[in-house]
Amino acid sequence: MSVVPQTSESVALRFPTDFVWGAATASFQVEGSTTVDGRVESIWDEFCRRPGAVANGDTGEPGADHYRRYEQDVELMSSLGLGAYRFSVAWPRLANLGFYDRLVDCLLERGISPWATLYHWDLPQELEEKGGWANRDTACRFAEYVSTVVSRLGDRVDGWLTLNEPWCSAFLGYGNGVHAPGVQDPKAAVAAVHHLLLAHGLAMSEIRSKAPNIPAGITLNLFPVSPATGSAADADAARRIDGLQNRIFLDPVMRGEYAVDVLTDMAPFGLPDLIRDGDLKVISAPIDHLGVNYYRAYLVSAGDPVDGPTEWPGSSDVRFLQSGHPKTEMDWEVQPEGLTELLVSLSREYPGLPLYVTENGAAYPDVLEDGTVRDTDRIAFLDGHLRASHAALEQGADLRGYFCWTLLDNLEWAWGYAKRFGLVHVDFETQKRTLKDSALWYAGVVERNGLSES
Ligand code: IFM
């Protein structure tokens, strides 16, 4: 049954008729049930046990108990009128993929299109003990895992994404160690970049052979980067951050090469030595769509180098500045115009490549009162970013869909359960779900396939 409130608002900004409206989650953040049905340990199980690594000592239990409550959650998605659900498959569940079978079937029964991400950060701990993503062999193990998953679900999944935000896996996981596996070694971070890209390319080949007709691609977290002033030093800071955030992934995937400046910047960390004959051909296998995760833009300047581990190899002298926009609870500035800029520039750079916003959303200090969460700030955030998406369409971006991050409140990685991004409030004690006002608002957008006058 639809939950869309009746409204007489007219639709001012309409999206294309086949526009995909969805919501996204990730296995470790929502599933819980971390020790059942043959699931093995992941790097996040191990990381959560380290004192001080995750706020409040939070762990993957209970998550949002999605593993056991998926039917209820699919029912919620259906009541919101969602057309697609982007979930991730947990590599540690490789021995028993029954949950994903059931989830996909349940989605299809409700007319919701299943979109699967093959890696959203839960590497089996056993592989980390052999070097994790710093070890080239992990890319080959990933291809084997993908082969099994796609053989099992390939007949029913409507869209594949190989990796989610490899930037985070590499630079937060192995650079500043804020994410699992908590390594602080810039060389390992750069090795992880190359091996994740290789894993993506090898996975594309497995998807092509097992599910040749299903569109597949990769999801990157991309950020427009601007220099604070016109000085040469600030321009160079912006070039380096753009290189490490965006181009180090986009160029190999889309053009089969690393940019010369990125290779030069990363030479002290061993990037050129990692690249073997044929790697870039594998990495640049054609993709059918690019997933774009957008949260904010960066304003940078040059400054004095700081000591200590940084996620940005060779860039400890770059300063990240505030540009004066309001902020979400993550302390991230709200900059919807950056999404327009990003989507338009991607479509100009890579014409003919369908784009999907595979994540966009915000954490705010929600209050559940009288059975409702009046999250007007989240509604304003989503409204702004959907207007920005529409503006991008009008300027020629080939945008095909939008997945809100996220369906359910969940484990926000090192921030634990304290940061809530969900459209649906989850009481982690009782697992009771409550639709926030933003969920009802989003359902209205989906039903009208557009936005009203601002
Ligand atoms: O929760 C994460 C998600 O797992 C990856 N993209 C960013 C989200 C918000 O931080």
Please find, among H195, H200, the residue that is over 18 Å from the mean Cα position of the chain (by Cα), modelled with pLDDT of 95 or more and not in a strand (DSSP E or B). H195
When both residues are 6+ apart or on different chains and their Cβ atoms are under 9 Å apart, which pairs have a first residue that lies in the range 333-351 and is under 13 Å from L393 (Cβ atoms), and a second that is among the basic types (K, R)? T340/R387
Of all residues in the range 129-169 being in contact with a Pro (Cβ under 9 Å, 6 or more places away or on another chain) and open to solvent by 30 Å² or more (accessible area, probe 1.4 Å), the one that is nearest to Y85 (Cα to Cα): D158
Quick one: in the range 401-443, of everything that is part of a strand (DSSP E or B) and among the hydroxyl-bearing types (S, T, Y), which residue is farthest from the ligand (Cβ to nearest atom)? T434
Name the residue, out of R239, R276, that is among the basic types (K, R), farther than 16 Å from L198 by Cα and out of contact with any Phe, Trp or Tyr (no Cβ under 9 Å at 6 or more places or on another chain). R239
In the list R156, R152, which residue meets the criterion of being out of contact with any Phe, Trp or Tyr (no Cβ under 8 Å at 6 or more places or on another chain), farther than 17 Å from I43 by Cβ and more than 16 Å from the ligand (Cβ to nearest atom)? R156
For the range 408-418, does any single residue satisfy the condition of being among the polar types (S, T, N, Q), modelled with pLDDT of 95 or more, closer than 20 Å to P62 by Cβ and surrounded by 21 or more Cβ atoms within 10 Å (Cβ to Cβ)? yes
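Residue-wise test of (1) more than 16 Å from the ligand (Cβ to nearest atom); (2) of a type in the set (D, E, K, R); (3) surrounded by fewer than 21 Cβ atoms within 10 Å (Cβ to Cβ).
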position	(1), (2), (3)
P268	yes, no, yes
I275	yes, no, yes
L280	yes, no, yes
L290	no, no, no
D307	yes, yes, yes
G314	yes, no, yes
R319	yes, yes, yes
E329	no, yes, yes
L342	no, no, no
Is at least one residue of the range 31-54 in a loop (DSSP other than H, G, I, E, B), closer than 30 Å to S389 by Cβ and within 15 Å of the ligand (Cβ to nearest atom)? yes
Apart from one, (1) of a type in the set (A, V, I, L, M, F, W, C); (2) assigned to a loop (DSSP other than H, G, I, E, B); (3) buried (at least 20 other Cβ atoms within 10 Å of the Cβ) all hold for L353; the odd one out is (3)
I'm told I248 meets every condition in (1) assigned to a helix (DSSP H, G or I); (2) over 19 Å from the mean Cα position of the chain (by Cα); (3) buried (at least 19 other Cβ atoms within 10 Å of the Cβ) except one. Can you identify the failing condition by its number? (2)
Does any residue of the range 225-245 turn out to be part of a helix (DSSP H, G or I), among the polar types (S, T, N, Q) and surrounded by 21 or more Cβ atoms within 10 Å (Cβ to Cβ)? yes
Hey, can you tell me all the residues within the range 91-111 that are crowded, with 21+ Cβ neighbours inside 10 Å and in contact (Cβ under 8 Å) with a residue 40 or more places away in the chain? W91, P92, R93, F99, Y100, V104
Tell me the residue from D37, D73 that is open to solvent by 50 Å² or more (accessible area, probe 1.4 Å), in contact with a helix residue (DSSP H, G or I) (Cβ under 9 Å, 6 or more places away or on another chain) and among the charged types (D, E, K, R), please. D37
Of the residues in the range 363-392, those that are within 16 Å of the ligand (Cβ to nearest atom), in a loop (DSSP other than H, G, I, E, B) and touching a strand residue (DSSP E or B) at 6+ places or on another chain (Cβ under 8 Å) come to D366
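The values are calculated or read from the model by the stated rules, or taken from the named source; none is laboratory data. These figures come from a predicted structure and were not determined experimentally. A quick note on method: Cβ atoms are made from the backbone with ideal geometry, for glycine too, and the neighbour counts reach across all protein chains shown. Surface accessibility is based on the protein's heavy atoms, side chains included, excluding ligands, DNA and RNA. Shrake-Rupley method; radii C 1.70, N 1.55, O 1.52, S 1.80 Å.
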